[in-house]
1. Got a number for the accessible area of Ser60? Probe 1.4 Å, square angstrom, nearest 10.
2. Roughly what % of Cα-Cα distances in the range 1-128 sit above 26 Å, to the whole percent?
3. Which links in Lys41/Lys127; Lys11/Lys128; Lys134/Lys207; Lys110/Lys134; Lys181/Lys207; Lys10/Lys110 stretch past 30 Å when you go from one Cα to the other?
4. Restricting to the chain, what percent of DSSP beta bridges are antiparallel, rounded to 5?
5. Please compute the per residue accessible area over the range 135-175 with all protein chains in place, 1.4 Å probe, rounded to a whole number of Å².
6. Under the rule of -39500 (n - 2.57) per DSSP H run of 4 or more residues, summed and divided by the residues of the chain, what mean residue ellipticity at 222 nm is obtained, to the nearest 500 deg cm²/dmol?
7. Report, to the nearest whole %, how much of the accessible area of the chain belongs to carbon and sulfur atoms, 1.4 Å probe, protein only.
8. Excluding residues fewer than 8 places away in the same chain, name every one of the aspartates and glutamates whose C-alpha is closer than 16 Å to that of Lys151.
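The values are calculated or read from the model by the stated rules, or taken from the named source; none is laboratory data. All figures in this text were calculated on a predicted structure; none of them were measured in a lab. All accessible areas refer to the heavy atoms of the entire protein, side chains included, with ligands and DNA or RNA removed. Shrake-Rupley method; radii C 1.70, N 1.55, O 1.52, S 1.80 Å.
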Amino acid sequence: MSVLVEQLTKKYDHQTAVDTISFEAQPGKIVGFLGPNGAGKSTTMKMLTGYIPPSSGSASVCGFNIVSQSLDVRKQIGYLPEHNPLYLEMYVKESLAFSADLHKIQNINKRIAEVIELTGLGREQHKKISQLSKGYRQRVGLAQAILHDPKVLILDEPTSGLDPNQLVEIRSLIKEIGREKTVILSTHIMQEVEAICDRVIIINKGKIVANDDTSNLKMLT
Ligand code: ADP
Ligand code: ADP
C-alpha cells in the first residue's frame with residue numbers, strides 16, 4: 001500500500017476540518033478525492049505532504065510515517081498545490097531548474113529535458129511563465145511535481161480554472177504521468193472523477209461518506 005491513512009484528524013481553533021478519516025491508495029491507481037469547497041480536501045493533502053501536522057491519527061507514504069519520517073515522505077511525493085506559486089518572470093527551464101535544485105537532483109539538465117518531453121512543454125521551454133496559458137502553467141506545475149520521480153502524486157484541484165480544451169489535455173496528461181504512480185487528486189467536479197479516476201473517495205464536512213470504485217459511482221449518487 002503506498003498511502004495508508006488511519007483515523008487522521010485536523011482540528012483548527014473553531015472546527016474540525018478533517019475528522020477521523022481512513023483510506024488507502026494503491027500504485028497504478030488514480031484516487032479522486034471529491035467534495036465541495038471546505039470539505040477538508042486541501043487540509044488532508046497538506047497533512048500527507050507534511051505541510052501541516054495532524055491533530056490525531058496517523059498516515060504513512062511508502063511505509064514512512066508522515067510525522068516522524070517527513071523528509072523520507074517528501075522524497076516519495078510529488079505535490080501540486082491548488083494555487084501553485086510560479087515566478088512569472090522566470091523562464092520555464094529556469095523554474096524547473098529551481099525545483100530540481102530544491103530536490104538536489106543529479107544530472108539536472110538531463111532530467112529537465114525528460115520532464116519537458118513528458119509534460120509536452122517542448123515548444124514552450126524557452127518562454128517565460130508569464131507568456132504561458134493557464135493550461136501550460138499547469139504543465140509546468142506537473143513537471144515540477146514529477147522531477148524527482150516520486151512514487152506518489154498529490155494533486156490539489158489540478159484542473160480548476162482551465163478552459164474545456166485545456167481540461168481535456170491536462171486530464172490525459174495526469175493519466176499518462178500517473179500510470180505507474182499512486183495518484184491522489186482532489187476535485188469538486190464529479191465528471192473529473194468519472195473521466196480519470198479509478199477510485200472515488202467522497203468527503204463532506206471533514207468526513208468520508210463514500211469510498212468505492214468509480215464504476216460504482218452512479219449507484220452512490
Ligand atoms: P477544501 O480543500 O475541501 O476546500 P479545506 O481543507 O481547505 O477544504 O478546508 C476545510 C475547512 O477547514 C474549511 O472550513 C476551512 O475554512 C478550514 N480551514 C482550512 N485551513 C484553515 C486554517 N489554517 N485555519 C482555520 N481553518 C482552516
Ligand atoms: P488552498 O486552497 O491552497 O488551501 P486557501 O486560499 O484555501 O489555499 O487558503 C490559504 C491559506 O489560508 C492556507 O494556508 C489555509 O490553510 C488558510 N486558511 C484557509 N481557510 C482558513 C480559515 N477559515 N481560517 C484561517 N485560515 C484559513
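1. Rounded to the nearest 10, the figure is 30 Å².
2. 36 percent
3. Beyond 30 Å: Lys41/Lys127; Lys11/Lys128; Lys134/Lys207; Lys10/Lys110.
4. Taking every DSSP beta bridge with both residues in the chain, the antiparallel ones total about 55 percent.
5. 34 Å²
6. Taking each H run of at least 4 residues, the total per residue is -9500 deg cm²/dmol.
7. Of the solvent-accessible surface of the chain, carbon and sulfur hold 49 percent.
8. Cross-link targets: Glu24, Asp72, Glu176, Glu180.
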